[in-house]
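The values are calculated or read from the model by the stated rules, or taken from the named source; none is laboratory data. None of these values were measured; they are calculated from a predicted model. Using ideal geometry, Cβ is built from the backbone for each residue, glycine included, and neighbour counts are taken over all protein chains shown. Side chains included, ligands, DNA and RNA excluded: accessible areas come from the protein's heavy atoms. Shrake-Rupley method; radii C 1.70, N 1.55, O 1.52, S 1.80 Å.
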Amino acid sequence: MADILTTCCFCGCGCGLYLHVDEGRVTGVTPAKGHPVSKGNLCVKGWNIPEFIHDAGRLTEPLIRKDGRLVTASWDEALDLVASKFLEIREKYGGEALGLLGSARCSNEENYLLQKVGRAGFQTNNIDHCARL
Ligand code: SF4
């Protein structure tokens, strides 16, 4: 059994916690007492992380639509498809025809990179966040 210090991925607050891992499965959670953000506290979502990690309905592979049906794909295949479609749309209609949504499940650094890809790579300023969906 191992206790792994990490950051809660449920929202952007970034609370610190330990995941208790036993034989490859997360079995429990303990708040990180000395964490500068959460100071030993977690909300109900943080306490229940093990439930979603091992939920049978959780998507663990990308899905792409083929012949009207969603089928599993490799990350390379899915990312190549998204990139090629984005570039096709940008060529045809310009960057402002595209938009990207960041996520509260991502770190600040990941959301920063997303907006960089949008602005510098796809020439769009249409960047927003899932909190406004
Ligand atoms: S424990 Fe709650 S408040 Fe803290 S990061 Fe997770 S979801 Fe957000």
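Name the helices (runs of 4 or more DSSP H) wholly inside segment 1-106 in which the number of residues that are open to solvent by 80 Å² or more (accessible area, probe 1.4 Å) and aromatic (Phe, Trp, Tyr) is 2 or more.
Hits in segment 1-106: 75-93.
When the residues of segment 107-128 are filtered to those that are within 21 Å of Ile89 (Cβ to Cβ), out of contact with any helix residue (DSSP H, G or I) (no Cβ under 6 Å at 6 or more places or on another chain) and not aliphatic (A, V, I, L, M), which remaining residue is least open to solvent (accessible area, probe 1.4 Å)?
Ranking the qualifying residues of segment 107-128, first place goes to Gly118.
Within segment 93-110, track down each residue that is of a type outside the set (D, E, K, R) and at pLDDT 90 or above.
Matches in segment 93-110: Tyr93, Gly94, Gly95, Ala97, Leu98, Gly99, Leu100, Leu101, Gly102.
Check segment 59-73 and report whether any residue there is among the polar types (S, T, N, Q) and in contact with a helix residue (DSSP H, G or I) (Cβ under 9 Å, 6 or more places away or on another chain).
no
Could you list, in sequence order, all residues of segment 37-96 that are more than 20 Å from the chain's Cα centre (by Cα) and under 26 Å from Val26 (Cβ atoms)?
Val37, Ser38, Lys39, Gly40, Asn41
Answer yes if at least one residue in segment 82-97 is closer than 30 Å to Thr124 by Cβ, within 16 Å of the ligand (Cβ to nearest atom) and of a type outside the set (Phe, Trp, Tyr), and no otherwise.
The answer is no, given that none of the residues of segment 82-97 is closer than 30 Å to Thr124 by Cβ, within 16 Å of the ligand (Cβ to nearest atom) and of a type outside the set (Phe, Trp, Tyr).
When segment 77-128 is examined, which residues are found to be under 30 Å from Cys8 (Cα atoms) and small (Gly, Ala, Ser)?
Ala78, Ala83, Gly99, Gly102, Ser103, Ala104, Ser107, Gly118, Ala120, Gly121
What are the pairs with Cβ atoms under 6 angstrom where one residue, in segment 32-60, is within 13 Å of the ligand (Cβ to nearest atom) and the other, located anywhere, is assigned to a loop (DSSP other than H, G, I, E, B) and of a type outside the set (Lys, Arg)? Sequence gap at least six, or different chains.
Val37/Gly14; Val37/Cys15; Ser38/Cys15; Leu42/Cys15; Lys45/Phe10; Gly46/Cys8; Gly46/Cys15
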